[in-house]
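Trainee: Dropping the structure in here first, questions after.
The values are calculated or read from the model by the stated rules, or taken from the named source; none is laboratory data. Since the model is a prediction, treat every value here as computed from it, not as a measurement. Counting neighbours? That spans all protein chains shown, and the Cβs are built from the backbone with ideal geometry, glycine included.
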Amino acid sequence: METLKMKILAEGTVIGSEILKVDSFLNHQIDINLFNEIGQEFKERFVSNEITKILTVEASGIGIACIVAQYFGNIPVVFAKKHEATNLDSDTYEADVFSFTKNKTYKIRTSKKYINPEDKILIIDDFLANGNAVLGLVEIVEQARASVVGVGIVIEKAFQNGRSRIEATGVRVESLAIVKSIKDNTIVFKE
Ligand code: 5GP
């Protein structure tokens, strides 16, 4: 997706050799026009699939998922929660996720009310690195005996192994911008 790649080159900054910071349009301030293009692009890529629900993880995934959902006929968005809270149902599906950006393992949870065995789920997230967040979401869908139609990622870092780990489970991955490397402050795309 050319507009996304141009935006990453124009506004993205690099932290070390592995982290890309895109706060100006994706992770802090949100560019709604760009998000609409993202929604349209995911719809085109999954046009032949029946999708009943979108699943993501808080916080950055929520905004993207809500706009994407509008391109799939306003289907519901469910987001996994990262924090235990008294207002979360006690009956939950749970998975452990290791975050390499925070260097810690945390639990993600969704209430059992919102994912059913007949659901056909599109998983959406902002970044794909080592695949732990997405694999945690896949695990939650499996616990619910629902099916994963595919995974839609805004920015994939191909120098980390997320894609191969997810594809090894038989799940299709579609990424809108694939970063090959971010060495020496230079962002290089795969194609
Ligand atoms: P994974 O679970 O695939 O290792 O990492 C994906 C999650 O970590 C995403 O949900 C995202 O929040 C965060 N993440 C991983 N790499 C980056 C990055 O380079 N930049 C930003 N902003 N977030 C990242």
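Trainee: For the range 139-191, which positions are basic (Lys, Arg) and in a strand (DSSP E or B)?
Mentor: The answer is Lys157, Lys180.
Trainee: Suppose we filter the range 57-101 for residues that are part of a loop (DSSP other than H, G, I, E, B) and under 30 Å from Asn33 (Cβ atoms); how many remain?
Mentor: Qualifying residue count for the region: 9.
Trainee: Is it true that Phe72 is in contact with a Gly (Cβ under 7 Å, 6 or more places away or on another chain), more than 10 Å from the ligand (Cβ to nearest atom) and of a type in the set (A, V, I, L, M, F, W, C)?
Mentor: In short, no.
Trainee: While we're looking at this one, here's another question. Does the range 1-8 contain any residue that is without any contact (Cβ under 8 Å) to a residue 60 or more places away in the chain and surrounded by 13 or more Cβ atoms within 10 Å (Cβ to Cβ)?
Mentor: yes
Trainee: Is it the case, given these coordinates, that Lys107 is among the charged types (D, E, K, R) and part of a loop (DSSP other than H, G, I, E, B)?
Mentor: For Lys107, the condition - among the charged types (D, E, K, R) and part of a loop (DSSP other than H, G, I, E, B) - is not met.
Trainee: If only one of Ser175, Ser147, Ser164, Ser111 is in contact with a Phe, Trp or Tyr (Cβ under 9 Å, 6 or more places away or on another chain) and modelled with pLDDT of 95 or more, which one is it?
Mentor: Ser111
Trainee: Among the candidates Ala65, Ala80, Ala59, which residue alone is among the small types (Gly, Ala, Ser) and surrounded by fewer than 17 Cβ atoms within 10 Å (Cβ to Cβ)?
Mentor: Ala59
Trainee: Related question: Checking Ile51 against (1) closer than 24 Å to Ile140 by Cα; (2) within 11 Å of the ligand (Cβ to nearest atom); (3) aliphatic (A, V, I, L, M): exactly one of these is not met. Which one?
Mentor: (2)
Trainee: With respect to the numbered conditions (1) more than 15 Å from the ligand (Cβ to nearest atom); (2) within 12 Å of the chain's Cα centre (by Cα), which one is the sole condition not fulfilled by Glu44?
Mentor: Only one criterion in (1) more than 15 Å from the ligand (Cβ to nearest atom); (2) within 12 Å of the chain's Cα centre (by Cα) is unmet by Glu44, namely (2).
Trainee: A further question on this structure: Restricting to the range 83-108, give me the number of residues that are exposed (fewer than 15 other Cβ atoms within 10 Å of the Cβ) and either hydrophobic (A, V, I, L, M, F, W, C) or in contact with a Phe, Trp or Tyr (Cβ under 6 Å, 6 or more places away or on another chain) (or both).
Mentor: Residues that pass the stated criteria total 5.
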